[in-house]
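Structure first, then comments.
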Amino acid sequence: RSSFACSTTTRPRPDWEDRAYCVCMGPRLAVSPQQLRVLVPPLVATSYKGSSGKVGVVGGCFEYTGAPFYAALTALKLGADLSHVFCDEAAAVPIKSYSPELIVHGCLRGAPEVDLAEVARQADEVSKWFPALTALVVGPGLGRDATMQAVAALLLERAVRASLPCVIDADGLRCVLERPSLVRGARWAVLTPNKPEYGRLAGALSGDAALDPADGDRALLAVAESFRDEGGAGPAIVQKGATDLLCDGTQLLECAEPGCLKRCGGQGDVLAGSIATLLGWAKAAERSGRLPAGGAPPPAPP
């Protein structure tokens, strides 16, 4: 088993860059926050609005307006320049009222009966923005309406085809559960299931009827492996828990850094927005040559 451990030093807390040290044992790999700084877009005189990231969130219905707000606002708080929310028209005004910083598009409309032409029309209203985005979050507050689910699935298909970094969370994971092929081979996708969602994924996708989702490493590796294509590419899975496990089907990493013991609504949305910003930064860093291609560890700064 490869493991990913975070430990603290005795340096003052403001010196966050020296506080964490991450080790992957397998082949031995050390990744410090100083090395991860290569992901952060440099702030230079030629920076422009959007150069630090533009994140889109697909979700938000009449019942759930807070989830997409948390995801989108977190992307901004972490450092993205712009955040869009693509939501049900019934959720647009409440989400707009939460913050003037968000760009809210009430372009979705739920319906119990799925009309494929209407699904395509709504998906077009969102995907026309893909060239202007650096990452997409699908699922926060999406709900289980049949039409909204169909639109989300079509958007995931288009985003993966366009190599747009995607984070699939909450009700967006139902799309993956029903159609695993949506993200098979998707290198720039991250799935963030909570405990019940992961249990459903593990039970349905492991290919081993006797496999218990509680069988940590073996179950997670099997689930991640099921998403890999013939070339070995596939999405990463973040299995959230007391100890977080991360796996892309080839490496299993563990983060034992303690978090908040109170588990309440909105925490997963905050994580999804954070990962989306970082994922967009990672792709930009790879494209610019600041990050080695193929997932190799970043070089230590001079």
Which one of the conditions (1) more than 18 Å from the chain's Cα centre (by Cα); (2) at pLDDT below 90 does Leu252 fail to meet, given that it meets all the rest? (1)
Qualifying residue in segment 186-203 (condition: open to solvent by less than 60 Å² (accessible area, probe 1.4 Å), at pLDDT below 90, of a type in the set (A, V, I, L, M) and part of a loop (DSSP other than H, G, I, E, B)): no
Turns out the helices (runs of 4 or more DSSP H) fully within segment 71-172 with at least 3 residues that are surrounded by 19 or more Cβ atoms within 10 Å (Cβ to Cβ) and within 15 Å of the chain's Cα centre (by Cα) are 146-161
Residue among Asp208, Asp212, Asp217, Asp244 that alone is over 14 Å from the mean Cα position of the chain (by Cα), modelled with pLDDT under 90 and either closer than 30 Å to Val85 by Cα or loosely packed, with under 12 Cβ neighbours inside 10 Å (or both): Asp244
The conditions are (1) in contact with a Cys (Cβ under 7 Å, 6 or more places away or on another chain); (2) open to solvent by less than 50 Å² (accessible area, probe 1.4 Å), and Glu257 fails exactly one of them. Which is it? (2)
Residues of segment 276-296 classified as touching a residue at least 24 places away in the same chain (Cβ under 8 Å), under 28 Å from Val58 (Cα atoms) and open to solvent by 30 Å² or more (accessible area, probe 1.4 Å), total: 4
Open to solvent by 60 Å² or more (accessible area, probe 1.4 Å) and among the acidic types (Asp, Glu): is that true of Asp229 in this structure? yes
Could you please find all residues in segment 20-54 being open to solvent by 80 Å² or more (accessible area, probe 1.4 Å), at pLDDT 75 or above and out of contact with any Asp or Glu (no Cβ under 8 Å at 6 or more places or on another chain)? Leu43, Ala45, Thr46, Tyr48
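The values are calculated or read from the model by the stated rules, or taken from the named source; none is laboratory data. Values in this document were obtained by computation on a predicted structure and should not be read as measured data. Note: ideal-geometry Cβ built from the backbone for every residue, glycine included; neighbour counts use all protein chains shown. Remember, those area values only see protein heavy atoms, side chains included, never the ligands or the DNA or RNA. Shrake-Rupley method; radii C 1.70, N 1.55, O 1.52, S 1.80 Å.
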